[in-house]
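Asker: I have a structure I would like to understand better, so I am pasting it below and will then ask my questions one at a time.
The values are calculated or read from the model by the stated rules, or taken from the named source; none is laboratory data. Just so we're clear, the structure is a prediction, and the values are computed from it rather than from any experiment. We place every Cβ from the backbone using ideal geometry, glycine too, and count neighbours over all the protein chains shown.
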Amino acid sequence: MNTDGRVRHEADVVVVGGGPSGLAAAVALRKAGVERVEVLERESVAGGVPRHCDHPGYGMRDLHRVLTGPGYARHYADLAADAGAVVHTGATVTGWSPDGGLEVTSSKGLRTVHASAILLATGARERPRAARWVPGDRGQGVYTTGQLQQAVYFHNQPVGRRALIVGAEHVSFSAITTLRHAGVEVAGLVTELSRHQSYEAFRWGARLAFTVPVLTGVRVVEVYGKPAVTGVTLERVADGHRWNVPCDTVVFSGDWIPDHELARLRGVRIDSATRGPEIDATGLTSVDGVYAAGNLCHPVETADVAALTGRHVGHAVAARLRSRSDLVTGAGVPIEVDDSLCWVSPQRIRSTADLPARGKLILRPRIFARIPAVRVVQGVRVLWKGRLTRFIPTRPTLLTTSWLPRVDPNGPPVRIEHLP
Ligand SMILES: Cc1cc2nc3c(=O)[nH]c(=O)nc-3n(C[C@H](O)[C@H](O)[C@H](O)COP(=O)(O)OP(=O)(O)OC[C@H]3O[C@@H](n4cnc5c(N)ncnc54)[C@H](O)[C@@H]3O)c2cc1C
């Protein structure tokens, strides 16, 4: 028992968050021989976001098969349990003790958990309407896709009769499926960008199967109706033309922000672009012994990519514990991007021998471009030059790390540039 009345508990590695990345990390840690691996998950069931995504499309890159979200979540929860990780559900991490332990609240009471390494895998969430500064009435009927899916699939709640979806990325198209499952007509998807950002097949599917139009270059300027939403006002970005669309449901989709509160509380350096912890290729943050993985670091990727980064960081943590080497949190070399890119993950090179998950850096473009020419420079030295497949905002572009051995560990920042 601690002096503050909390029960003190010890583990080798504690993973915060029992979504795909946290569970995959726990499996990797156990398989690598780490004895006491514990996962803390605040929900009553482990599995993370896929639990309420009741459609297929999960597991291709990591499990090499296609599962539904709930099936995928169950699969990872089972894998973690079979591997010997202890998964505590209903256990919320609320902060840090002064000596670096995790403060945990659950129905069993208050605990402080200490470990040699702590892996944050708390995921990301869609920014709600309030955070997007959309004016108008505060009527009922406004959701994020995550809230919509929970209302429909978990609670079987009615969610209106006619909906408008704000956003046109992958998750926005998945909102169509959920709304149609709930018997809701979809008036359209709107995006301020000049094109939708998902697969072309999804747009055609939306048009042909559901007759849902995708309105590009259009933004929502008002939501009206009290006590329940009765419509939205849209504005064409090009000329300011405005019109009203009657609807009783508005879904704000995508536009992700990492659940970074715990990392911030610990004083972990936050990357100003991803707004998640700044990490190196092993997932190590700026604080000794604190690692991060999954959508907390790359908001957002598909679940299989989150699981693969979790697995990768799990292996890296196990190797570090095995070697008993002092944790390295030296400055290293930062990786920066130019204005055509929003962010890169990971953002720091501490060892040129450490490759990131899948051996690639994840880039998030700000612009649309076909086969963009890109170069990687360090000061005046060009480390790599070549073409990538494409740039689409909100979608990942992968960049080779074949240039890593040429990085000068004492040199200036490495910079990724798009060549017009
Ligand atoms: C609507 C929607 C549709 C999607 N469709 C697909 C799809 O078809 N295919 C696909 O591959 N991906 C899809 N995704 C993306 C996929 O769900 C995510 O990539 C994946 O869940 C990310 O995993 P994660 O472990 O990083 O985070 P999460 O799944 O968000 O898990 C994080 C976990 O951490 C827990 N947690 C957070 N804070 C605390 C705390 N303080 N204490 C304890 N626990 C905490 C949370 O409760 C949560 O369980 C979809 C996402 C959404 C929202």
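Asker: Quick one: GLY314 ticks every box in (1) crowded, with 23+ Cβ neighbours inside 10 Å; (2) modelled with pLDDT under 95 bar one, so which box is it?
Answerer: Status for GLY314: all satisfied but (2).
Asker: Scanning for something touching a residue at least 40 places away in the same chain (Cβ under 8 Å), crowded, with 23+ Cβ neighbours inside 10 Å and closer than 22 Å to SER340 by Cα, does region 286-293 turn up at least one residue?
Answerer: no
Asker: Can you tell which of ASP255, ASP239 is of a type in the set (D, E, K, R) and at positive phi?
Answerer: After applying the criteria, what remains is ASP255.
Asker: Give the residues of region 368-385 that are part of a loop (DSSP other than H, G, I, E, B) and either touching a Gly at 6+ places or on another chain (Cβ under 7 Å) or free of Cβ contacts under 8 Å to residues at least 40 places away in the same chain (or both), sorted by residue number.
Answerer: Passing the criteria: ILE371, GLY379, VAL380.
Asker: Next question, about the same structure. Is it the case, given these coordinates, that ARG275 is touching an Asp or Glu at 6+ places or on another chain (Cβ under 6 Å), more than 13 Å from the ligand (Cβ to nearest atom), in the same structural domain as HIS312 (by TED's automatic domain parsing) and basic (Lys, Arg)?
Answerer: Here the answer is no, as ARG275 does not meet what is asked.
Asker: Do we find a residue being in contact with a strand residue (DSSP E or B) (Cβ under 8 Å, 6 or more places away or on another chain) and closer than 17 Å to ARG111 by Cβ anywhere in region 66-86?
Answerer: Within region 66-86 (the criterion being in contact with a strand residue (DSSP E or B) (Cβ under 8 Å, 6 or more places away or on another chain) and closer than 17 Å to ARG111 by Cβ), the answer is yes, since at least one residue qualifies.
Asker: Applying the selection to region 390-418, what residues are among the polar types (S, T, N, Q), under 30 Å from ASP255 (Cβ atoms) and in contact with a strand residue (DSSP E or B) (Cβ under 7 Å, 6 or more places away or on another chain)?
Answerer: Listed by number, the residues that qualify are THR397, THR400, THR401.
Asker: Take ARG311 and tell me if it is over 30 Å from GLN197 (Cβ atoms) and in the same structural domain as ILE118 (by TED's automatic domain parsing).
Answerer: Judged against the criteria, ARG311 is not a match.
Asker: Next question. Can you list the strands (runs of 3 or more DSSP E) lying wholly within region 80-123 that have 3 or more residues being more than 25 Å from the chain's Cα centre (by Cα)?
Answerer: Fully inside region 80-123 and qualifying: 109-120.
Asker: Just need a number here: residues in region 352-411 that are of a type in the set (D, E, K, R) and under 15 Å from GLY332 (Cβ atoms).
Answerer: 2
Asker: Still on this structure, I have one more. May I ask you to list the residues in region 247-263 that are within 11 Å of the ligand (Cβ to nearest atom) and in a strand (DSSP E or B)?
Answerer: Result: VAL251, TRP256, PRO258.
Asker: Which of the residues belonging to region 114-162 are surrounded by 14 or more Cβ atoms within 10 Å (Cβ to Cβ) and of a type in the set (Gly, Ala, Ser)?
Answerer: ALA115, SER116, ALA117, ALA121, GLY123, ALA124, GLY136, GLY139, GLY141, GLY146, ALA151, GLY160, listed by residue number.
Asker: If the requirement is being more than 8 Å from the ligand (Cβ to nearest atom) and surrounded by fewer than 22 Cβ atoms within 10 Å (Cβ to Cβ), which of these qualifies: ALA73, ALA81?
Answerer: The unique qualifying residue is ALA81.
Asker: Could you tell me whether ALA281 is crowded, with 22+ Cβ neighbours inside 10 Å and within 11 Å of the ligand (Cβ to nearest atom)?
Answerer: no
Asker: Any residue in region 38-45 that is within 15 Å of the ligand (Cβ to nearest atom), touching a residue at least 60 places away in the same chain (Cβ under 8 Å) and in the same structural domain as GLU301 (by TED's automatic domain parsing)?
Answerer: Checked against the condition, which is being within 15 Å of the ligand (Cβ to nearest atom), touching a residue at least 60 places away in the same chain (Cβ under 8 Å) and in the same structural domain as GLU301 (by TED's automatic domain parsing), region 38-45 yields at least one hit.
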